[in-house]
Structure formats: structure tokens, C-alpha cells
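To start, the structure itself, in C-alpha cells.
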Amino acid sequence: MKMSAREFLDWEAKSITLLAMSGAGKTTLANKLPKDKWFHYSGDYRIGTKYLDEPILDNIKRRAMAVPFLRELLISDSIYIRNNVTVENLTPVSSFLGKIGDSQMGGLTLKEFKRRQKLHLEAEIAAMKDVPDFIHKAEDIYGYKHFINDAGGSVCELDCPEILETLAEHTLILYIEIPPDLEQTIIRRAKAEPKPLYYREAFLDEKLAQFMSQHHYENPDLIPPDQFVSWVFPELFASRLPRYEAIARRYGYTVSANDSAQVKNENDFIHLVAKAIAQQTESRANQCL
């Protein structure tokens with residue numbers, strides 16, 4: 001959604017989508033907005049509680065059935081298992097995604113990993129398609145005027161123009177750009193604590209082949225799972241940046257992660273967005289001269 005800074009300030013029912021790499025401070029920024037005035041929508045939370053709820057539970061039950069004590073209790077309906085996904089705790093989602101590699105080290109076969117990646121892709125697309133309905137429900141049911149969509153870090157990987165058009169039609173898209181000094185901090189952190197991630201299949205195939213060649217693995221089932229995730233993250237980071245930038249140029253606006261980190265409250269946030277709109281509108285106008 002494109003508008004002038006004045007139109008944004010006068011916009012009575014603001015709806016904003018935050019886009020950024022994991023670690024850029026997206027969720028931290030969203031949490032600066034008062035929850036009694038802004039409806040907070042988390043794409044990852046929607047994925048975990050709606051679209052991947054059953055696959056996540058099936059995965060947990062499969063593991064539990066391998067333990068004789070738990071197997072007996074599950075079969076006799078003496079216990080039940082449920083997810084406890086929260087906006088602050090998305091561990092069930094990431095544990096379902098898993099990592100490629102040696103099963104003895106908790107890894108998944110390439111076939112199973114790709115199956116789960118496909119399910120996540122479909123779930124993320126569905127969660128973003130839900131945004132217009134939730135904007136309506138937020139006001140109609142709960143009385144919220146303002147809406148913030150904390151989109152997942154892999155939205156730029158979906159290769160689904162329809163989703164971007166939908167988000168741009170119903171929300172103002174704000175991309176939080178990571179400055180070079182923070183890039184290295186995020187990469188170091190990700191390599192030190194490798195976490196499951198979503199990859200486009202073409203990217204995964206290319207990078208997995210490179211990794212196996214460089215490290216002399218003939219079978220992905222022999223790879224230590226954390227080793228590949230640590231190795232591939234800088235490659236993933238570099239591949240996502242131009243995708244985010246392209247989305248922001250076409251559909252939205254960009255703010256620096258350094259500037260967003262200075263936001264303390266709602267007024268600061270509104271000023272940050274209005275300033276970004278004004279600056280980028282002027283810059284685009286000058287480019288057209």
C-alpha cells in the first residue's frame with residue numbers, strides 16, 4: 001500500500017506488515033505497540049496453531065510411540081499430547097521443520113525434510129492469505145482499530161506474487177533493513193546456535209550439493225545436522241536480502257534496524273514510518289525527474 005506521509009498519519013485504521021530477517025528486531029518492534037490498541041498477528045503463530053498443528057502433533061506422537069512406557073499410555077488413551085505454541089514460544093514449529101542429516105543426531109532424511117518444507121510453505125502462504133480476514137475480525141469482533149502483521153522471516157522465499165499483492169493491498173509493508181555491522185552479529189549468532197529454517201527447494205538443492213562436495217559427503221543421511229545449518233546460513237542470508245529489497249521497492253518502505261531499535265513507544269513508531277514514507281517518496285520522485 002503506497003501513500004503519502006500525511007495520508008499515513010491521517011489513516012484512522014492503520015494496518016502494517018513488518019518484513020525482516022530473523023534477528024532484525026521485527027517482533028521486538030511489534031511489541032512496542034500497545035496491545036490494547038493494536039491487534040498483533042503473528043504469521044508463525046498462525047502456522048503453528050492452525051496449519052501445522054496436526055503434522056506437529058503427529059511428529060511428537062511418532063516419537064512418543066517409540067518409548068514403550070508412553071506407547072502403552074497413548075494406545076490406552078491414558079494420556080494425550082497437545083501443542084503449546086505461543087507467540088513467544090514457536091519451538092514446536094521449528095522442531096517439526098527439523099534439519100537434514102544423520103538420524104542418530106536427530107537429523108531427517110532429505111525426502112522427509114523436503115516433505116516438511118513443502119508443508120511449511122503451504123502453511124505460510126495460507127497464513128498470509130488470512131491477513132485480510134484478521135484485519136476485519138480484529139475490528140469487527142474485538143474493536144481494534146490498528147493491526148500489525150509480524151510476518152515470518154521466510155515470506156520473501158514464497159515465490160507467490162499473489163501473497164505480496166494481497167499484503168500490499170490491505171497493509172502498508174515495512175521492511176526492516178539490517179545494517180552491515182548487525183549482519184555479522186546475526187550470522188555469528190546463527191552459526192553458533194543453528195536453528196531449523198525454511199529454504200526454497202532450488203536453493204536447498206544447490207547449496208546442499210555444494211556443501212556435500214566441499215565436505216566430501218556422498219550421502220546427506222551422514223551429515224551432522226548442525227554442520228549444514230551453520231554452513232548454509234550465510235548463504236541463505238545473502239540470498240534473502242535482495243528479495244526483501246525488491247519487495248520493499250515495489251510494494252512498501254524501508255527503515256533501518258538501527259532506527260527501529262530506537263523506537264520506545266507507539267508515537268516513535270508512527271514517526272519512524274511517516275519519516276520513511278516521506279524520504280522514500282521524495283527519493284522516488286527525484287529519480288523520475
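Looking across the range 243-289, the residues that are at pLDDT 95 or above and acidic (Asp, Glu) come down to Glu245, Asp259, Glu266, Asp268. Whenever a residue of the range 245-263 is assigned to a helix (DSSP H, G or I), its partners that are surrounded by 16 or more Cβ atoms within 10 Å (Cβ to Cβ) and among the polar types (S, T, N, Q), lying with C-beta atoms within less than 8 angstrom and at least six residues away or across chains, give the pairs Glu245/Thr254; Ala248/Thr254. Take Thr86 and tell me if it is within 24 Å of Lys129 (Cα to Cα) and loosely packed, with under 15 Cβ neighbours inside 10 Å. Yes, satisfied. Only residues in the range 145-158 that are within 9 Å of Phe39 (Cβ to Cβ) count as the first member; pair them with residues that are assigned to a strand (DSSP E or B) and hydroxyl-bearing (Ser, Thr, Tyr), Cβ under 6 angstrom, at least 6 apart or cross-chain, and list the lot. Note: pairs meeting the criteria are Phe147/Ser15. If we keep just the residues of the range 61-83 that are surrounded by fewer than 16 Cβ atoms within 10 Å (Cβ to Cβ) and in contact (Cβ under 8 Å) with a residue 24 or more places away in the chain, which is farthest from Phe233 (Cα to Cα)? Checking each candidate, the answer is Ile81. Here is the figure for the range 213-230: residues that are in contact (Cβ under 8 Å) with a residue 40 or more places away in the chain and of a type outside the set (D, E, K, R) total 9. Residue count for the range 122-153 under the criterion of being in a loop (DSSP other than H, G, I, E, B) and either of a type in the set (A, V, I, L, M, F, W, C) or more than 18 Å from Thr49 (Cα to Cα) (or both): the result is 6. Applying the set (1) closer than 25 Å to Met128 by Cα; (2) at pLDDT below 95; (3) surrounded by fewer than 20 Cβ atoms within 10 Å (Cβ to Cβ) to Thr166 leaves exactly one unmet item: (2). A Cβ distance below 8 Å, combined with a sequence gap of six or more or placement on separate chains, defines the contacts here; from the range 7-18, residues that are touching a residue at least 40 places away in the same chain (Cβ under 8 Å) reach residues that are assigned to a loop (DSSP other than H, G, I, E, B) and among the basic types (Lys, Arg) in the pairs Phe8/Lys14; Glu12/Lys145; Ala13/Lys145; Lys14/Lys145.
Scanning the range 199-212 for residues that are surrounded by 17 or more Cβ atoms within 10 Å (Cβ to Cβ), in a helix (DSSP H, G or I) and either among the hydroxyl-bearing types (Ser, Thr, Tyr) or touching a residue at least 60 places away in the same chain (Cβ under 8 Å) (or both) yields Leu204, Leu208. Checking the stated criteria, Glu124 turns out to be surrounded by 14 or more Cβ atoms within 10 Å (Cβ to Cβ) and either touching a residue at least 60 places away in the same chain (Cβ under 8 Å) or more than 23 Å from Val232 (Cβ to Cβ) (or both).
The values are calculated or read from the model by the stated rules, or taken from the named source; none is laboratory data. Computed from a predicted structure; not experimentally measured. When we count neighbours, we look across all protein chains shown, and the Cβ atoms used for this are built from the backbone with ideal geometry, even at glycine.
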